[in-house]
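J.: Please find one structure pasted underneath; my questions will follow.
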Amino acid sequence: METARRIKLQDRPLVMRGLFPATVTPFTSSLAIDFRALENHFREMASTPGVSGIVVNSGIGERIQLTLDECDLCIALALRVRRPDQVIVAGIDGRSTTDYVHAGQRARAAGAQALLVMPPFDARPYRRMASYAPTVHAFFATLDREVGLPMVVFQYPPNSGCAYPNAVLRGLCGIPNVVAVKVATMGDMQAYAEVWDAFKDDLAVLAGVDSPPLIDMLRYGAHGALIGISAILPHVWADLLRLIDEDAQDPADRLYDRVCRPLMASVFENQQPKRLSSEVAATKEALAMLGRIPNALVRPFALGADSAARAEIRAALLGAGLLSSAAAAE
């Protein structure tokens, strides 16, 4: 591994600040992509003040259930509806470096302007490699060389078994196209704080949790947030970031307690899942109840939300004043 030369945040090819909603992929009854619904979904993101970019083909976008051709079409559609100042971030994954390079090159050709790089070591035999700096550096250096797009490193929680130690992340700071890290540390505020303290001058640190510690992370320090929960009513989450940036503590707390906490609890189970159905299905249920997408269908192996989960989500939307009693009864 080459000795890392620290490249400052402002010298990166892309500086990411603000809200980056990770979007869903609506389906028709035959489980084909519903492009009309997808376009409406993307347009809601693009028209929301404070949204700095649209994230497509991520985990909540059912990346592993999409073909590469479908991923290309999602990127092209997002590119068509975005505002000129918004960046299109495409998730990529694979089973090898070659897979990632191929996915990244296709994403670039389709119009993506940045990549959300899913952990390449999220398989039991390879998880220990996330702690081995030479392998991690070689992986990202190859993407830097062969794809040439700005990259967001997806930092998984410490208990995932494939989180990058800070010493490994430090070795990535010398790769020009490593521009940000999505810090998905679940409820581990200490792990988040350590990343912020270590890298805030070198990389964009994006809060990446869909659970109550989010507000503490944002207040501790963040350049923005890349979160799936913000696919639901992105203006709420953009307002939250704005209020925190303005140090408007009481209004931020009121918004968080009234809307954000109920959504995170009912949709993401505060990232302590007990249901068999996925958070993708729950996110789609909330969007369908709000009339943002036609249905909540997910592709196998994912399971749709059951009646108990739907009732919990409906109650949260009602309690937050986001859904009328008449609409909830339909």
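Rule-based calculations on the coordinates, nothing more; no lab input. Owing to the predicted nature of the structure, the values given are computational and were not obtained by experimental measurement. Using ideal geometry, Cβ is built from the backbone for each residue, glycine included, and neighbour counts are taken over all protein chains shown.
J.: Nothing charged except the Cβ atoms of Lys and Arg (+1) and of Asp and Glu (-1): what's the magnitude of the dipole of region 109-196 about its Cα centre? Round to the nearest 20 debye.
T.: That gives a dipole near 160 debye.
J.: I would also like to ask the following. Given H placed on each backbone N at 1.01 Å, which residues far from GLY18 in sequence or on other chains put an amide H within less than 5 Å of it?
T.: Counting only residues 5 or more places away or on other chains, the set is GLY224, ALA225.
J.: In the chain, what % of DSSP beta bridges are antiparallel (nearest 5)?
T.: 5 percent
J.: Another question about this same structure. Report, ordered by chain and residue number, the lysines lying within cross-link reach of LYS274, taken as a straight Cα distance under 21 Å and ignoring same-chain residues fewer than 8 apart.
T.: LYS284
J.: Sticking with this one: Using the Karplus curve 6.51 cos²θ - 1.76 cosθ + 1.60 with θ = phi - 60°, work out ³J(HN,Hα) for each residue of region 69-74 in order, rounded to whole Hz, and write x for Gly and Pro.
T.: Once rounded to whole Hz, the list reads 4, 5, 4, 4, 5, 5.
J.: Cβ neighbours within 10 Å, averaged per peptide: list 68-76, 14-22 in order, most packed at the top.
T.: Order by mean packing, descending: 14-22, 68-76.
J.: Cα centroids of region 76-149 and region 264-330: how far apart, whole angstrom?
T.: 30 Å
J.: Could I ask something else about it? If amide hydrogens are placed 1.01 Å from N in the peptide plane, which non-local residues have theirs closer than 5 Å to the one on GLY221?
T.: Under 5 Å from the amide H of GLY221: no residue qualifies.
J.: Starting at the first residue of region 7-17, write each ³J(HN,Hα) from the Karplus equation 6.51 cos²θ - 1.76 cosθ + 1.60 with θ = phi - 60°, in whole Hz, x for Gly and Pro.
T.: Values, residue by residue: 9, 5, 3, 5, 9, 6, x, 8, 10, 9, 9 Hz.
J.: Once phi is turned into θ = phi - 60°, what whole-Hz ³J(HN,Hα) does the Karplus curve with 6.51, -1.76 and 1.60 give for every residue of region 293-298, x standing for Gly and Pro?
T.: Values per residue, Gly and Pro as x: 9, x, 7, 10, 5, 10 Hz.
J.: Give the longest segment of the chain that steers clear of chymotrypsin sites (Phe, Trp or Tyr not before Pro) in DSSP loops with at most 16 neighbouring Cβ atoms within 10 Å, not counting the sites themselves.
T.: 133-300
J.: Any aspartates and glutamates with Cα under 12 Å of the LYS8 Cα? List them, leaving off those in the same chain fewer than 8 positions away.
T.: The reachable aspartates and glutamates, counting only those whose Cα sits under 12 Å from LYS8, are ASP201, ASP202.
J.: What are the residues whose amide H is under 5 Å from the amide H of MET151, where those residues sit 5 or more places off or on another chain and H is modelled from the backbone?
T.: LEU115, VAL178, VAL179, ALA180
J.: What does the helix-only formula give at 222 nm for the chain: each DSSP H stretch with n ≥ 4 adding -39500 (n - 2.57), the total divided by the residues, and the result rounded to the nearest 500 deg cm²/dmol?
T.: -12000 deg cm²/dmol
J.: Moving to a separate point now. Taking 0.36 nm per intervening residue step and subtracting the Cα-Cα distance, what contour gain separates GLN65 from ARG124 on full extension?
T.: 19.2 nm
J.: Quick one: grab Rg to one decimal and Dmax as a whole number for region 9-246, Cα atoms only, in Å.
T.: Calculated on Cα positions, Rg and Dmax stand at 16.6, 48 Å.
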